[in-house]
1. Determine, for TRP255, TRP239, TRP14, the number of other Cβ atoms within 10 Å of each Cβ, and report the residues in order from fewest to most.
2. VAL31 to LEU159: FRET efficiency via 1/(1 + (r/R0)^6), r the Cβ-Cβ distance, R0 41 Å, to the nearest 0.05?
3. By counting other Cβ atoms within 10 Å of each Cβ, how are TYR12, TYR67, TYR251 ranked from fewest to most?
4. Across 10 Å bins from 0, what is the distribution of all Cα-Cα pair distances for segment 144-212, in whole percents?
5. Mind sorting ILE197, ILE176, ILE114 by how few other Cβ atoms lie within 10 Å of their own Cβ, fewest first?
6. Segment 13-79 to segment 180-218: how many Å between their Cα centroids?
Amino acid sequence: MSHQSVEAARGYAWFRGAIDLIAHNPIPLLVIALLFVIGTSVMSLVPVIGSLALIALTPVLGGGFMYALREEHEGRGAQIEHLFRGFQEPGRLLPLMLLGLPALVAGLLLVIAIFVFVGAAALQMLAGGMASTADAASFASLGAGLLVALLLGLLLVLLAASVVVFAVPRVMLDGIEPFTAMKESFSASLSNFAALIVFTLMFVAALVVLLVATVLVGWIPLLGQLVALLAWFAFGVGWIAVSNGGVFLAYRDMWPASTATDIVLPYGPPPPPPAPPPAG
């Protein structure tokens, strides 16, 4: 099923609609976001095995989040246990785990890039003596290598995200084969690039507001630091909740036939206009 393209302004609608969707039933959806943060954080602390588990299981947990958002959006109500629906739904676990492959490939390519662009410059510096006696050209070469690796890493992250972002709901909610879903997701991300940029800028704006607020209260001894810490923690959980909500609403816009529902909620797409009265 081909996706639809939407105007750039839909990016704002996804952001605002996601906030409304989360606010409609905040306790289970924010708890799901909190458990998502805790689970992925714990996995990231375990060397090697934890990183591999993080790559494989993050799409599974993301699929559960998509399921909870669909249940809430269609009026059945999200439940905390929906986070683990990807482990329970028949035929979903392995396809969702396969959606971790782009992140694995991107990580391996980034390691290779760091070795090529940074490691080579570092070896040149070591070959010429200790870093304290290295000449300016060696430091410039190292800095250029770091910059290239950073830019390549950013590109790899964006590519991996575009391949997976809509593949998760397509696999979890529509049962699409994972590699087909990844191709669809990449194509949909490209054709809706402007709307996705607007959606991302909403988070950047929220981040700037939080930065300003924490600077203003940070001068207060102890209390200000505690408030700032809690604000950043709440922002992180809210970020996960709203970003997933926005992805779900974007998925609904791009594949409307696969998400048809007779229920019209205030955070859903506007209902069609009424049919004109018959002539005569």
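No value in this document is a laboratory result; all are computed from the given coordinates. Computed from a predicted structure; not experimentally measured. Because the Cβ atoms are built from the backbone with ideal geometry, glycine has one as well, and the counts that use them run over all protein chains shown.
1. TRP239, TRP255, TRP14
2. Once rounded, the FRET efficiency stands at 0.80.
3. Ranked by crowding around the Cβ, least crowded first: TYR12, TYR67, TYR251.
4. Taking all Cα pairs of segment 144-212, the binned fractions are 19, 34, 33, 13, 1 percent.
5. In increasing order of surrounding Cβ atoms, one gets ILE197, ILE114, ILE176.
6. When both Cα centres are located, 17 Å separates them.
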